[in-house]
Amino acid sequence: MDIKLEPFSESDMQYVYDVEYGNLADHTWMAFNGPYFQDPIPTWPEFQQQADGLIDHAHHRLIWYNHRIVGEVSAHWADGPLQHWLEIGIVIYQKSDWGKGIATASVKIWIAELFSQHTELPHIGLTTWSGNTGMMRASEKIGLLHEGTIRQVRYWQGVYYDSVKYGILRTEFTA
């Protein structure tokens, strides 16, 4: 499987917008990526304003699969300026690219890259919700451990779902 994680570049941004939100988007990913937040679809000018912060950012990468952009991985500090608690995320833009192992392989590569970037970090986490069974399965396939469930805190379409936390220690990942 030919998967690479590459920094965002200015030349990629129009395509990223089109496949994520624009005329090439199927928007299915939005039903699983925290839909309870009800994030609006940005216009191209709004996306361009955000895009500047993505270009060459150490915690954002595009996923290239068979020489085309199919998604992105990210990381953020859950503890803000303390910078000891790193959480990751992933989006595969098109439903037609789901179920191919792209997310599983990409997250493995991403975790390895982040542990390499942050040599002092013992732990990397991922938080999803019980409505995203695909992400829960992928997390377990990668070797992330189920570290906690906060029951019935994610409200979506009249139903309460659980917030589900996964994580892996450096020693577990390199074993």
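The distance linking the stretch 141-175 with the stretch 1-80 is 22 Å (Cα centroid to Cα centroid, whole angstrom). The H on the amide N of GLY71, modeled in the peptide plane, is under 5 Å from the matching H of ILE63, TYR93, each at least 5 residues off or on a different chain. Footprinting exposure proxy ranking of SER9, SER106, SER130, fewest other C-beta atoms within 10 angstrom first, gives SER9, SER130, SER106. Counting only Cβ charges, +1 for Lys and Arg and -1 for Asp and Glu, the dipole size of the chain around its Cα centre is about 680 debye.
So what is the relative contact order for the stretch 3-174, in percent, with contacts set as C-alpha pairs under 8 Å and at least six apart?
Once divided by the residue count of the stretch 3-174, the mean separation gives 20 percent.
Net charge of the neighbourhood of ILE150, taken over other residues with C-beta under 13 Å away and scored Lys/Arg +1, Asp/Glu -1, is +1. Counting every other Cβ atom within 10 Å of each residue's Cβ, MET13, MET1, MET135 order from fewest to most as MET1, MET13, MET135. Which one, GLY53, GLY131, GLY22, has the greatest fluctuation when you compute a Gaussian network model over the chain with C-alpha springs under 10 angstrom? Most flexible of the set in this elastic network: GLY53. Spin-label model, ASP56/GLN38: points 7 Å from Cα along the beta carbon direction are separated by 3.9 nm. For the stretch 3-174, lysine pairs with C-alpha atoms less than 15 angstrom apart, excluding pairs fewer than eight positions apart on the same chain, total 6. Under 11 Å from the Cβ of TYR93, count the other residues' Cβ atoms, weight Lys and Arg +1, Asp and Glu -1, and hand me the total. Local charge sum for TYR93: -3.
Of the residues ILE55, GLY143, ILE90, the one whose Cα sits farthest towards the positive end of the charge dipole of the chain is GLY143 (charges of +1 on Lys and Arg Cβ, -1 on Asp and Glu Cβ, taken about the Cα centre).
Summarising the label geometry, the points placed 7 Å from Cα in the beta-carbon direction at ARG68 and GLN83 lie 3.8 nm from one another.
With a ≥ b ≥ c the root eigenvalues of the C-alpha gyration tensor of the stretch 73-114, is it rounded (a/c under 1.5), prolate (a/b larger than b/c) or oblate?
Because a/c hits 1.5 or more and a/b exceeds b/c, the stretch 73-114 counts as prolate.
Here the residues TRP64, TRP44, ranked from fewest to most Cβ neighbours within 10 Å of their Cβ, fall in the order TRP44, TRP64.
No lab work stands behind these numbers, since they all come straight from the coordinates. On a predicted model such as this, the values are computed, not experimentally measured, just so you know. Methodologically, a virtual Cβ is constructed for each residue, glycine included, from the backbone with ideal geometry; neighbour enumeration extends over all protein chains shown.
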